[in-house]
Structures are given as structure tokens and as C-alpha cells.
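A.B. asks: Just passing along the structure, written as C-alpha cells.
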Amino acid sequence: MNPYLCVSDEVREAIHNNRPVVALESTIISHGMPYPQNVETALLVEKTVRDSGAVPATIAILQGKFCVGISPAQIEYLGKKGLAVQKASRRDLPVLFARGEDGATTVATTMIAAQMAGVRVFATGGVGGVHRGAETTMDVSADLEELAMTDVAVVCAGAKSILDLGLTLEYLETKGVPVIGYQTAELPAFYCRSSGFAVDYRLDTPEEIAAAIHAKAGAGLRGGMLIANPIPEQYAMPEDAMNETIASALSLANAQGVKGKAITPFLLDKIKTLTDGQSLAANIQLVLSNARLGAEIAKALCALGA
């Protein structure tokens, strides 16, 4: 047993008995929104997974260990601690483990912990990617590298629209990561249903997606799979207006010299302000939609005996 991994009894038993499990990240709790809305949203996402017939496994680093399947009390703890919790990507793990500290898992670290525990499906909001201007800054999210080598299927609403979506797709293609559009041939852009960029394949049912995941594992092909699920139409934001808002937020970030891991939370906060909170409401709805799809895919995988 990995000394840095703690799996809840519920999640362990579900995996052992071939019951569907959906991994969930914890950065959305500590860095995604203010308390108590962060806790309320995290619990609602877990409830959505349960109502869809799967077991939720929210993942965080607590006292220097990956915890797969945390309690409501632990979610409350992370929510209250907020930005004081380290936002933990792969590079942060050795020090956090050695010091026995807490960390909120990003897409990359949630994937790592999920694979360690045997959870095959992970639902999140949007993945990181290649940042605008990366040809000079070299700012590329660790999420993309993790997708290239960790065997977890990630359900998301595409890459965050603050990124360079074309370069993000090129990077994933180079790394051999399949990008699947759920009932769409176009990569969604987080708050918006379309981006103008094509996905690799369109698959229209959770069963088709599960079959592809199963085949990938059966062939021994390394790495994850990105499943892009557009935000429900009634919550989507207009593409032109959103592009203008993102441009304004980027200008503010450049003017204030915001860089590195601070850039994404800064931009999302400014976008929330510029849209009078509409972007946050949209963010919550797309996460719930991804949680539902993640549960359906996890159930279909279990039906395959995978």
C-alpha cells in the first residue's frame, strides 16, 4: 500500500465491487470561489454524482497524503481555509508529502491520485492548456503532460477560454491524447459551447466513450483521454461577448504583471467581476453537467466489466 495514499472505505469498496466511481478535484473548493459557496458547490457536485448512480471521490492532500474520497467535514475545512491551502500540481507533491501539509488538487494531481486508487473517470470544469503568448513565455499547464501519461479519462467543458485553444489541441495531438467531443465535433470553450476548433472524434453516447476507454486500456496504450462536454445551452455565454471580456481581463493581468500559477485564478476572478457574476453561475452549471456525464461513463465502464 502506498504510504502517501488514503482511500475512503466507500470508494475502496466501490472499486473492489466494480461499482462506478467519479473522481472530483479540490482546487475548485479552495481557489474556485468564496466560502461558503465553494463548500455548497462541492457538496452539490457530489450529490449530482450520487443521484446519477455513481460514488463521488473528491480528492485532496491532507496532512501530507492523497485522500481519495473526503468527508463533508474535510470539504468544509478546505473551504474555510480557502486560498491558504496550497494549490498543488505534480511538482509540489514531494515537499507537501514530506512536510505533512495540505494541498488542493489540480487536474494533474487529481489524475495522479485517481490512478493510484484505481478510479478511471474524473469530472472537472475545464482543463489547463497552452496559455496565450506561450511561444515566448513557455507557459503550458502541467495538466497536458499528465493527460499524456496518466490513465484517467477526464470529462470537462473543454479548455478554459482564457487559453490558446488551437495550440492546446496541437499540444495534445503531439502527446497522443485523444480529444473526444460528447455530441459535438467542436471543442467547447468552457463558458461557450463552441470555439471554432475541431475535436478528434465525436461520440454521442456514454457507452461509446466507455468502449473507447476500455479499448485503450485493453491495448495497453498509456495516457488519458479528454472528453469535452459543452456547457448546457441555457447556461452558455455569447462567444463574442466572452472574447471581449477575456481580452479585458488579460490586459489587466499584463498591466499588473500577473504570471505563473497566479494567472488563472486572477483571470477567472476578473471575468466574474466583468460579467456581474454570470461566469461563476455558468461555471457551476458546467461542472454539474460534467459530473452527470462522468457518472454515466463510469457506469458504462462497469457494465463492460472494466
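The values are calculated or read from the model by the stated rules, or taken from the named source; none is laboratory data. All values reported here derive from a predicted model rather than from experimental measurement. Positions of Cβ are backbone-derived with ideal geometry, glycine not excepted, and every protein chain shown enters the neighbour counts. Please note that ligands, DNA and RNA were not included when accessible areas were found on the heavy atoms of the full protein model with its side chains. Shrake-Rupley method; radii C 1.70, N 1.55, O 1.52, S 1.80 Å.
A.B. asks: Using a probe of 1.4 angstrom, how much of the accessible area of region 1-157 is carbon and sulfur, in percent?
C.D. replies: Numbers: 3400 of 6370 Å².
Result for region 1-157: 53 percent of the exposed heavy-atom area is carbon or sulfur.
A.B. asks: Sorted by packing (mean other beta-carbon atoms within 10 Å per residue), highest first, where do 292-305, 130-143 land?
C.D. replies: Values: 292-305: 21.8, 130-143: 16.9.
Order by mean packing, descending: 292-305, 130-143.
A.B. asks: Just the number please: accessible area per residue for region 177-306, 1.4 Å probe, all protein chains included, in Å².
C.D. replies: Details: 5960 Å² over 130 residues.
Spelled out: the 1.4 Å probe surface of region 177-306, per residue, equals 46 Å².
A.B. asks: Here's a follow-up. Within region 180-306, what whole-number % of the accessible surface is contributed by carbon and sulfur, with the 1.4 Å probe and all protein chains included in the calculation? Don't skip to the end; give the middle numbers.
C.D. replies: Values: 3050 of 5920 Å².
Whole-percent figure for carbon plus sulfur exposure: 51.
A.B. asks: While we're on this one: Can you give the relative contact order of the chain as a percent, counting alpha carbon pairs under 8 Å and 6+ residues apart?
C.D. replies: On the way: 627 pairs, mean separation 60.4, N = 306.
Across the chain, relative contact order equals 20 percent.
A.B. asks: Would you mind getting me the FRET efficiency between Asn18 and Met149? Use the beta-carbon distance for r and R0 = 22 Å, nearest 0.05. Write out the running numbers ahead of the final one.
C.D. replies: Details: r = 25 Å, r/R0 = 1.15.
After rounding to 0.05, the efficiency reads 0.30.
A.B. asks: With every protein chain left in place, what is the accessible area per residue of region 1-140 in square angstrom, probe 1.4 Å?
C.D. replies: Working: 6050 Å² over 140 residues.
Ligands and nucleic acids excluded, the result is 43 Å² per residue.
A.B. asks: Between Asp269 and Lys175, how many nm apart are label points set 7 Å from Cα along the C-beta direction?
C.D. replies: 2.7 nm
A.B. asks: Fully extended, how many nm does the chain gain between Arg202 and Glu233 (0.36 nm per residue separation, minus their Cα-Cα distance)?
C.D. replies: Values: separation 31, 0.36 × 31 = 11.16 nm, distance 1.79 nm.
Extending this stretch completely gives an extra 9.4 nm.
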